[in-house]
Amino acid sequence: MQPPIYNHHRLPPAGATSQSNQSQSQQSQSQQAPPPPPQGMPGQQQPSVLSTSSNVRLNEFFELIKQEFEQVGQEGNIWKAQRDEYEAKIQQQINELGLIRQSLYELESNHAKVRQEYEGEIARLRRELESRGGQSGAGPSGVPGTGGPTSPPELPRPGNDERDRPPYGKSLPGPPLNGAEPGGSRSPYPPPGGIIPRPASTDRERDRRNRERAIAASNVPPSPPVHLSDLDPDNVSRELKKEGGDWQAMWSSQMRKQLDVALVHTLEHETVVCCVKFSNDGKYLATGCNRTAQIYDVKSGGRVTTLQDEAANRTGDLYIRSICFSPDGKFLATGAEDRQIRIWDIKQKRIRHLLQGHMQEIYSLDFSRDGRFLVSGSGDKSARIWDIEKGLCVFDLRIEDFIHNEHGPIDAGITSVALSPDGKLVAAGSLDTMVRVWNVQTGQQVERLKGHKDSVYSVAFSPDGKCLVSGSLDRTLRIWDLTGTKREAEILPPGSKDIQKNLGTCQSTLNGHKDYVLSVAISPDGQWVVSGSKDRSIQFWHIATGQAQLMLQGHKNSVISIDLARSGGYLASGSGDCMARIWKYEPYSGRE
């Protein structure tokens, strides 16, 4: 029998069993009991105290931030309330100003209506006097209008036309009145005591003399017309006439044909075209009409842009009476009937400056050649010079030497201004028949040019600044020699006010228009004066001889404004027929 296999182990010594059991029991207890806390640390409650302290500090910080936020919010609400209050006050003042302006417009409108009624009554009384055989002697009432319902308000005439009225009792041509002999006194009233009977022989003798006069007059051949406006187009030779679709040109037979002319574009507008102006480079033409200024491409005739102030008062008409490009072509200045000058940024189509200060309508504008200054003329009897960069008035040139008649001072409202090419002189035409010139450096008036018999509506300097041309309601143009005035302005030391005055003289008077001369211009070469008239014609005059070269006809109403491009070759005209036209003129190259 095989002996059993034993695992031979070393027996523990006596008492080892109990020690082993005890060690196992202690090891088990050590595994179950938690480790003692490290030395130097508090007991089980220390982490809870730290957490509570941190939370308290954070809450305090949050509370401070909340209080700061609430305080800022309250201050913001206060500022907002103040802003709203100020805006409300500003809006209230704007509304009040609008009401005041509206009241002024209504007063002016009522004044115009009353004036028209008085003028109508005066005209009726004059007609009644004329029907009785009297001499009314009144000049035309009002100013050159366009006759249409859309025409702008017209410029006022000088206060009274008594200067044009021949006194009663003077010897006047024509058949006798109330039995008086020819050349005797022409009383507008019948003799006292009724009609005095005359012998039949006296009446027969008078009739015989009248018949003899009529026969003698019929045998005298009519004198040939002197002026282009007197010519009959049907009787003008083919060499002196040029016709287009709806226009024609006639040349004077008394002067060698030196210019040729043709119509380039006809630009239709919705209202009367009050003003036209070329840009300095001659590439664009600006026109002013009711509420809008429009810019056209001269080459194509297409409209480039339209400028309109949407913030302007929308009640009634608001005609733009004057317009002018800045020399660099970036800005356009417009003067309107609301007495404000707007400087437009053409590219942005927004107003850069709004120049205020004139008390009546703005009738004329002109930029200096360097573009720094703008001169404006207004019906308030002042011309102002503005700093364009700052938008401020630097000179206020006022008329103080008023012309008087038996009724008091005559209205001297300025209708046209022009700045000399060197920027040293400002010329202004006014309703009181005078042309005045100021020295820009001193602000002194240095000329009062007297000669026109009626209101002056347009002035323009020659390119060299030595001549000034003026157009008037007396149907004439005058060319003034300002050589001495220009020289005096050039040699004047800075800051000096000791300047000689009244050195200008009238060089020549140009006659030929049948009605008011409303606009004048001088060509860039200084050889030609161009004029637009209420007789619907445009005439070219040779400045050296004073003779008319040609006459353009095509507009169906008054030619209110003309301009010649400084680059040469182009003429623009604006009319009461709601048309602006661009013409081309050049030296005549055909056979003489």
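The values are calculated or read from the model by the stated rules, or taken from the named source; none is laboratory data. The structure displayed is predicted, hence computed values, not measured ones. Here Cβ is always computed from backbone atoms with ideal geometry, including for glycine, and neighbour counts include all displayed protein chains. Areas reflect the complete protein model, heavy atoms only, side chains present, ligands, DNA and RNA absent. Shrake-Rupley method; radii C 1.70, N 1.55, O 1.52, S 1.80 Å.
Remark: relative contact order (the range 510-554) = 30 percent; criterion is Cα-Cα distance under 8 angstrom and separation of 6 or more residues. Separation of the alpha carbons by more than 21 angstrom is noted, of K113/K381; K277/K453; K113/K514; K424/K501; K283/K584; K453/K556, for K113/K381; K277/K453; K113/K514; K453/K556.
In the assembled protein chains, M359 presents an accessible area of approximately 120 Å² (probe radius 1.4 Å).
Take each of the peptides 398-406, 440-448, average the number of other beta-carbon atoms within 10 Å over its residues, and list them starting from the highest.
Top to bottom by mean Cβ count within 10 Å: 440-448, 398-406.
Taking 24 Å as the straight-line reach from the Cα of K89, the lysines in range (excluding those fewer than 8 positions away in the same chain) are K80.
Kindly state, to the nearest 0.05, the FRET efficiency for I499 paired with Q547, given R0 = 51 Å and r defined as their beta-carbon distance.
The value I calculate is 0.90.
When only alpha carbons are used to place a centre, the range 345-422 and the range 253-323 end up 21 Å from one another. Largest to smallest in accessible area, the residues E243, E96, E488 fall in the order E243, E96, E488 (1.4 Å probe, all protein chains included). Largest accessible area first, the listed residues K349, K257, K299 line up as K299, K349, K257 when surface is computed with a 1.4 Å probe on the assembled protein chains.
Inter-part distance, the range 432-503 to the range 515-592, computed on C-alpha centroids, equals 23 Å.
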